Structure formats: structure tokens, C-alpha cells
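Peer 1: Okay, handing you the structure first.
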Amino acid sequence: MAQKESNLRNMVFSLTLIVLVASAALAGVYVITKPSIDGQEVAKTQEAIKAVLPGFSGKTERVAIKLPNDADSVFVNLAYQDGELFGGAVQTYTDKAFKSYFSLMVGFDAGGNILETEVIKMEETPGLGDKINKSKSNFSDQFVKMCPANNEFNLKVKKDGGTVDAITAATISSRAYCDAVNRAAKAFDIVTKKGANNE
Amino acid sequence: MSKVQILTKGLLKENPTLVLILGMCPPLAVTTSAMNGLGMGLATTFVLLMSNLLISSLKNFIPDSVRIPAFIVIIATFVSIVDLLLQSYLPALSDSLGLFIKLIVVNCIVLGRAEAFASKNSVFDSMLDGLGMGLGFTLSLTLIGIIRELLGSGAIFGHTLISGDGILIFVLAPGAFFVLGFLIALVRYLQRKKN
């Protein structure tokens, strides 16, 4: 078969056909993979909630809150056990990271003390900023048991006059981690106080 | 050229990364670890194989003047399919490769093989060419990844061999240029010696 002549009819016809088939194929793959991709997001969030609320098992109640001057909402997952507030897992983020954005889950007990922190999604530099991950270094351990609400723990890296030891050569990532945890603490504080007012 | 030659020329003789120096973005950007290099290489191999297959079978159907847009649509479709499949079945790899999977669309190896080989040769030969080129690309990316991961974090495929911080520059961007440069020099040296 000889190659088709490049006249308008042939060009429009062949391109249209290719685009139609390509769209159909993509739509098919999208439909097949969508449930699994969505499920993964949910599973990841649930896993992170479990990881930052040690000792808690049960359902959490999700509240979205947007702090003043913030670009995005944070999600406070309130955990109630036997009718009493056990604590909360706050899905928080920072836009000050080295690769602009990462998200964390921060667990608090009812008094606002940090139970555990967990990275949900990040793209920090491997070998440097990715040490915010628990598996890579013990950087995140220093946040455990801290209570950002009272001022005895100054949640900033030491360079900025705080008490957090920054990761060597990854001050920006460490600062961003503090930023995300602070955002979580503020959100948790607001949500739990509001809940108390309602009662 | 024999079928075996078509398949194997991409591995070393015409290795896209180390000899043809084509598509330099992924070898520099995603090879911070061996696993990333391997994953990126295999994703590109799939796209190369499928787009070469389709383009060589459609070469008489596509009029010459619109061949580039037609090729791009075909390549972009396969890249999106790979992207969705990775997100769905290998989310960890998809997270660490991020945007670079989508950027396979503009990888000049893929379009280059479509234009230089698939649009002129038979379907079977084009598949061999795509597979060979893809494996050559995978080989060089994995190699760069292994070297960078070993020197930069003392590990290979995530298994720590030497604990400690490693030579951080190899994980950062300049390390990619160093490793790639030395590998190209090594290949050139070996080729010259052989001749």
C-alpha cells in the first residue's frame, strides 16, 4: 500500500481517526484504573491516621478548616473513644518546602500534645530533605510529646531561635516540617476549642 | 542488518544515552537512585515498543505532512496509559518519578525512533528496535542510578551497604553530570580501543 497523499481530506481524516481511537483507549484505561488510584489515596490517609494515633482504633470524624492567610485547607480527623475526645490526626501541609510542597499527618492527644508525625507525600531531595521520613532519620522523633500550644516548646529550627534540631544541609526542609506541624497545631487547637464551645 | 543486530544495537553500539546522547533530561533528573532509573527506563521502553509498533503499522495510513502530530498523539496516549497504570499499581514508584513519567512524551528518543526507524521499516523490525533502544536506555539509567545511589547514600536499590551520609553531591544535580560525563568518556575509550 502506498503512502496516502497529503491532501486536506486525508490529513483531517487520519488525524481525526487517530485522536478518536487514542481518546477511547485513554478513557478505557482511566475507567479501569480510577477506583484503584482513588482507593490508594484513601488507604494511605487511613494508614497515616492509624500511625499517628497509637492506641486508638475506631472511626474518625473529618473536619476541614482553612486558617487565615492560608492557601489550602487542613483536615482535622477527630478521634472519639467511648464518647470522649481521644485526640486528632491532622492532615497538614507546607508550601515552604524545598520542592515547594509536602503533606504530613500529625497526631495530637486531647491535650494538644503531639503523639506522632508521619509524612504523607513529599518530593524532597533524596539523601538530604527526604530525611524528614521516619525510615531515613530520627529527625521527626523530636516532635513527639511536644505541646505546641504552650510556649515551652518553641517549634522552630535552632537557626530561627527555636528548639528543633534541623537536618544537616536540609534547613529548608526542616523549617517546612516545623511550618506544617505548627499549622496542624493551630488547626487542632481551633477545632477542639470550637467543639467545646458548642457543647 | 540482521534482526539480532537491530535488537542489540541500542544496548551499546547506538546506546541512546551514552552514545547518541539523546533525551538527556531523565538520565540527569531521575537517576538519584537505582530503582528510579530502572523504573523510568522500563516505562520508556514500554512507550518506545508500543509507539514503534503502532507507528510502523500505520505508516502508510498517515499522510506525510501530518506525521509529527500523529506520532505525538500516539506517543502521548501510551505515556498517559503508563502514567495511569503506575499510579494505580506501583504508587511508590509513581510518587518518586512524579512529573518525569509525563515528560516521556517529549523524550526525543521516542519521537526520534518513530521518525528515523518506525516510519520506514517493517512492524517486527520496529518492535525490535523499540525494545533494544528502550533496554539500552534502561541499562544506562540504571547504571547511573546505581553509581549515584552508591556514592551518594551508600546503598544499592535501597539496601544500605555503607551507613552514614555518603558524598551528597552525587545525589544532587551536579553528581548526575559527573557520572554521565565519566560514563560517556568510558564508552568512548572502550570504543576507540576496540577499533
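Peer 1: Might you let me know whether region A:78-87 holds any residue that is part of a loop (DSSP other than H, G, I, E, B), at pLDDT below 90, over 14 Å from residue A:177 (Cα atoms) and of a type outside the set (Asp, Glu)?
Peer 2: First, pick out the residues of region A:78-87 that are part of a loop (DSSP other than H, G, I, E, B): A:82-83.
This time we only want the ones that are at pLDDT below 90, so: A:82-83.
Still in the running and over 14 Å from residue A:177 (Cα atoms): A:82-83.
Restricting the remaining residues to those that are of a type outside the set (Asp, Glu) gives A:83.
There is at least one residue in region A:78-87 that is part of a loop (DSSP other than H, G, I, E, B), at pLDDT below 90, over 14 Å from residue A:177 (Cα atoms) and of a type outside the set (Asp, Glu).
Peer 1: Looking at B:2, B:57, which one is over 21 Å from residue B:104 (Cα atoms), away from chain A (no Cβ under 13 Å) and surrounded by fewer than 18 Cβ atoms within 10 Å (Cβ to Cβ)? Quick ask: steps written out before the conclusion?
Peer 2: Numbers: B:57 fails: away from chain A (no Cβ under 13 Å).
It is B:2.
Peer 1: Output the residues belonging to region B:169-195 that are more than 14 Å from chain A (Cβ to nearest Cβ), surrounded by 11 or more Cβ atoms within 10 Å (Cβ to Cβ) and in a loop (DSSP other than H, G, I, E, B).
Peer 2: none
Peer 1: OK, next. Go through region A:22-54 residue by residue and tally those that are among the small types (Gly, Ala, Ser) and either touching a helix residue (DSSP H, G or I) at 6+ places or on another chain (Cβ under 7 Å) or more than 21 Å from residue B:51 (Cβ to Cβ) (or both).
Peer 2: The number of residues fulfilling the criteria is 7.
Peer 1: With the structure loaded, tell me whether residue B:101 is farther than 30 Å from residue B:158 by Cβ and within 14 Å of chain A (Cβ to nearest Cβ) or whether it fails that test.
Peer 2: On the way: farther than 30 Å from residue B:158 by Cβ: no; within 14 Å of chain A (Cβ to nearest Cβ): yes.
The answer is no for residue B:101.
Peer 1: Here's another thing I want to ask about it. Every residue in region A:133-187 that is closer than 25 Å to residue B:167 by Cα, surrounded by 17 or more Cβ atoms within 10 Å (Cβ to Cβ) and among the small types (Gly, Ala, Ser), please.
Peer 2: A:140, A:166, A:170, A:173, A:174, A:176
Peer 1: While we're on this one: Taking region A:128-175 only, how many residues are touching a helix residue (DSSP H, G or I) at 6+ places or on another chain (Cβ under 8 Å), under 29 Å from residue A:192 (Cβ atoms) and not in a loop (DSSP other than H, G, I, E, B)?
Peer 2: Result for region A:128-175: 10.
Peer 1: Only one of (1) in contact with a Leu (Cβ under 7 Å, 6 or more places away or on another chain); (2) more than 9 Å from chain B (Cβ to nearest Cβ); (3) without any contact (Cβ under 8 Å) to a residue 24 or more places away in the chain fails for residue A:52. Which number is that?
Peer 2: Checking residue A:52 against (1) in contact with a Leu (Cβ under 7 Å, 6 or more places away or on another chain); (2) more than 9 Å from chain B (Cβ to nearest Cβ); (3) without any contact (Cβ under 8 Å) to a residue 24 or more places away in the chain, the one that fails is (3).
Peer 1: If you check A:23, A:57, A:36, which single one turns out to be outside any helix (DSSP H, G or I) and either within 26 Å of residue B:81 (Cβ to Cβ) or hydroxyl-bearing (Ser, Thr, Tyr) (or both)? Write out each step before concluding.
Peer 2: Details: A:23 fails: outside any helix (DSSP H, G or I); A:36 fails: outside any helix (DSSP H, G or I).
Only one candidate passes the filter, namely A:57.
Peer 1: Is it the case that some residue within region A:96-117 is in a helix (DSSP H, G or I), surrounded by 20 or more Cβ atoms within 10 Å (Cβ to Cβ) and among the small types (Gly, Ala, Ser)?
Peer 2: Step one: of region A:96-117, the residues in a helix (DSSP H, G or I) are none.
Looking for residues that are in a helix (DSSP H, G or I), surrounded by 20 or more Cβ atoms within 10 Å (Cβ to Cβ) and among the small types (Gly, Ala, Ser), one finds none in region A:96-117, hence no.
Yes or no, residue by residue, for (1) among the aliphatic types (A, V, I, L, M); (2) over 16 Å from residue B:80 (Cα atoms); (3) exposed (fewer than 15 other Cβ atoms within 10 Å of the Cβ):
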site	(1), (2), (3)
A:14	no, yes, no
A:35	no, yes, yes
A:43	yes, yes, yes
A:59	no, yes, yes
A:62	no, yes, yes
A:74	yes, yes, no
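Peer 1: Would you say residue A:51 is small (Gly, Ala, Ser) and assigned to a strand (DSSP E or B)? Give the steps one after another, and end with the answer.
Peer 2: On the way: small (Gly, Ala, Ser): yes; assigned to a strand (DSSP E or B): no.
No, not satisfied.
Peer 1: Out of all the residues in region A:117-128, is one or more over 13 Å from the mean Cα position of the chain (by Cα), without any contact (Cβ under 8 Å) to a residue 12 or more places away in the chain and within 12 Å of chain B (Cβ to nearest Cβ)?
Peer 2: We begin by selecting, within region A:117-128, every residue over 13 Å from the mean Cα position of the chain (by Cα); these are A:124-128.
Then drop every residue that is not without any contact (Cβ under 8 Å) to a residue 12 or more places away in the chain, which leaves A:126-127.
From what is left, the residues that are within 12 Å of chain B (Cβ to nearest Cβ) are A:126-127.
Yes.
Peer 1: Taking the stated definitions as given, is residue B:111 away from chain A (no Cβ under 12 Å) and of a type in the set (A, V, I, L, M)?
Peer 2: Working: away from chain A (no Cβ under 12 Å): yes; of a type in the set (A, V, I, L, M): yes.
Spelling it out, residue B:111 is indeed away from chain A (no Cβ under 12 Å) and of a type in the set (A, V, I, L, M).
Peer 1: From the set of residues in region B:142-168 that are of a type in the set (Gly, Ala, Ser) and part of a loop (DSSP other than H, G, I, E, B), which is nearest to the other protein chains (Cβ to nearest Cβ)? Break it down into steps so the answer makes sense when it comes.
Peer 2: At the first step, the residues of region B:142-168 found to be of a type in the set (Gly, Ala, Ser) are B:145, B:152-155, B:158, B:163-164, B:166.
Now narrow it down to the ones that are part of a loop (DSSP other than H, G, I, E, B): B:154, B:158, B:163-164, B:166.
Numbers: B:154: 10, B:158: 10, B:163: 12, B:164: 11, B:166: 7 Å.
Filtering first and then ranking leaves B:166.
Peer 1: Then there's this: Checking the condition touching a Leu at 6+ places or on another chain (Cβ under 7 Å), surrounded by fewer than 21 Cβ atoms within 10 Å (Cβ to Cβ) and at pLDDT below 90, which residue from B:166, B:152, B:98 passes? I'd like the intermediate steps shown before the answer.
Peer 2: On the way: B:152 fails: surrounded by fewer than 21 Cβ atoms within 10 Å (Cβ to Cβ); B:98 fails: touching a Leu at 6+ places or on another chain (Cβ under 7 Å).
Result: B:166 is the single residue among B:166, B:152, B:98 that is touching a Leu at 6+ places or on another chain (Cβ under 7 Å), surrounded by fewer than 21 Cβ atoms within 10 Å (Cβ to Cβ) and at pLDDT below 90.
Residues checked against (1) within 11 Å of chain B (Cβ to nearest Cβ); (2) modelled with pLDDT under 90:
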position	(1), (2)
A:3	yes, yes
A:12	yes, no
A:18	yes, no
A:30	yes, no
A:33	yes, no
A:37	yes, yes
A:40	yes, yes
A:46	no, yes
A:64	no, yes
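The values are calculated or read from the model by the stated rules, or taken from the named source; none is laboratory data. Because the structure is predicted, anything quoted here is derived from the model rather than measured. So basically every Cβ, Gly included, is an ideal-geometry build from the backbone, and we count neighbours across all protein chains shown.
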